[in-house]
Each structure stands twice: as structure tokens, then as C-alpha cells.
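What follows draws every value from the coordinates through simple rules; no lab data is involved. This one's a predicted model, so the numbers in the text were calculated from it and none came from an experiment. Don't worry about glycine lacking a Cβ; one is built from the backbone with ideal geometry, like all the others, and counts go over all protein chains shown.
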Amino acid sequence: MGNNISCCDEKELVQDKICSDWTIAGTEIIYIDNVSALVSSGYVKLNSAPAAADTIAVNFLLGAATVATLPAIGVSSAAAFTVGKFDEIQIVPSGAGTFIGEFCITPRYLI
């Protein structure tokens, strides 16, 4: 006797991987999703900042509303994320000057 139990509908997904270095001197949008990804995962890293105590926050936005935040990433640190239902990613530095880092995202889309 076999069981055919499924708790979820099976979905076919495609995924991409996008990685880039970034340099900002103020709040910047670093990613815009115009295809409505189902969910995305990745990381944001802060390589250098004007002062050792400087940090960045990362906001995931849907329209103008914040749906998730990665707070206080310090120099030589990174934060990983898995977030859904957003259309922009914004980096907010804690102070003035040039901040340099890395960004990598793997968005997943329904076929």
C-alpha cells in the first residue's frame, strides 16, 4: 500500500545568479527586480568604509515600503538573506564618505 501525500503544489522554477562589486557615497538602490521573483537569496558584504566603526543597513523594498532589513553590517563583515516579495534592494550607509562592498543574489522565478 503506497501513499501519495503532498503538502505543497510542485512548482517549476528557474534561477539566475548575479554578483557585483559596489561603491556608494550615500543611500543607493543596488538592485531592481522587474520580473517579480518568487524568492531570492544571497549576501551583502562591506569591504571598506571611511571609519572602522561605520556600518551599512540593507533594506528590501516593495514599492516604497520596507519588507525586510539587514541591519548594521560592519567592515569586513557580510550578511546572508533569503527574502521574497520585494522589487528593490537599498543600501543605507551609517555616515558620509565612500563605502565599498560586494553583492550577490540568486533570484528564483516561476516558469
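Taking the Cβ-Cβ separation of residue 32 and residue 9 as r and a Förster radius of 30 Å, what is the calculated FRET efficiency to the nearest 0.05?
0.55
If you put +1 on each Lys and Arg Cβ and -1 on each Asp and Glu Cβ, how big is the dipole of the chain around its Cα centre, in Debye rounded to 20?
Approximately 180 debye in magnitude.
Among the lysines, which fall within straight-line cross-link reach of residue 45, defined as a Cα-Cα distance under 17 Å, with same-chain neighbours fewer than 8 residues apart omitted?
Here the lysines satisfying the reach criterion relative to residue 45 are 17.
What is the extension gain from residue 65 to residue 98, computed as 0.36 nm multiplied by their sequence separation minus the C-alpha to C-alpha distance, in nm to one decimal? Intermediate results must be reported in sequence, preceding the final value.
Values: separation 33, 0.36 × 33 = 11.88 nm, distance 2.61 nm.
Taking residue 65 through residue 98 to full extension adds about 9.3 nm, to one decimal.
Among 64, 35, 49, pick out the residue whose Cα is farthest towards the positive end of the charge dipole of the stretch 13-110, where Lys and Arg carry +1 and Asp and Glu carry -1 on C-beta, about the Cα centre.
35
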